[in-house]
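Worksheet: one structure, shown below.
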Amino acid sequence: WYMLTVLLAFGCHALIVLPAILHFIAKKNPLHFAQAMSPALLTAFSSASSNGTLPLTMACVEKRAGVSNRVSSFVLHLGATINMDGTALYEAVAVLFISQMYHGAVLPLDQQIVVALTALLASVGAAGIPHAGLVMMVIILQAVNLPVEMQGIILAVDRVLDMCRTSVNVWSDSCGCAVVARLEARGSAGSVEGKPSVEGEV
């Protein structure tokens, strides 16, 4: 049930939330964009490293999805460092699962909020390498007074979930890149339309 919950969270974010952002904000077809990014997503899944996948992600975004190097070289490098949607989702679910195993009851709402916020902040500092989320999870466990050794409960399935969350991270970075490219293009068009004439400038 723990694995299914994590995979369901990944599925909702990767198949509903991010495609909606692509469609309504970036004005791109989510299916076509996913096909363009498929080599990077498959590499992220197999390697469980968003940093290791970064060169291929940039190549797919620029050559297959049509995003300029000016945008991708900034957004993807930044996203591979701080934009860890999948890691944040995973750590929140994992800590809530560990707390239920340890206490035998659901955490109070205030502590659930602490878990969500701490998972968000910890995911920003997580490195884009395999199993980096486990290291940052220590911070969240300590924030709600759970023993760090309880991580051993989830170690057996962490590799599979790590592969999935890395794919979500790379997919999120790619979608963010498309959104920034769209907003930049819109801003550039607006600045050109609003530019005064030569006579007006003189």
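The values are calculated or read from the model by the stated rules, or taken from the named source; none is laboratory data. Here the structure is a predicted model, which means the values were calculated and not measured. Virtual Cβ from ideal backbone geometry, glycine too; neighbours counted across all protein chains shown. For accessibility, only protein heavy atoms count, side chains too; no ligands or nucleic acids. Shrake-Rupley method; radii C 1.70, N 1.55, O 1.52, S 1.80 Å.
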Query raised in the report: Does GLY52 satisfy the criteria of being surrounded by fewer than 21 Cβ atoms within 10 Å (Cβ to Cβ) and not in a helix (DSSP H, G or I)?
Result: no
Report summary line: Selection from the range 111-124 of residues open to solvent by less than 50 Å² (accessible area, probe 1.4 Å) and modelled with pLDDT under 90 yields ALA122, SER123
Query raised in the report: Within the range 93-110, restricting attention to residues that are hydrophobic (A, V, I, L, M, F, W, C) and touching a residue at least 40 places away in the same chain (Cβ under 8 Å), which residue is most open to solvent (accessible area, probe 1.4 Å)?
Result: MET101
Requested in this report: Hey, could you check the range 24-47 for residues that are over 14 Å from the mean Cα position of the chain (by Cα) and closer than 27 Å to ALA116 by Cα and say which is least open to solvent (accessible area, probe 1.4 Å)?
Outcome: SER47
Report summary line: Those residues of the range 84-127 that are touching a Gly at 6+ places or on another chain (Cβ under 6 Å) and not in a helix (DSSP H, G or I) come to a total of 1
Query raised in the report: Can we say ALA181 is modelled with pLDDT of 85 or more and of a type outside the set (Lys, Arg)?
Result: yes
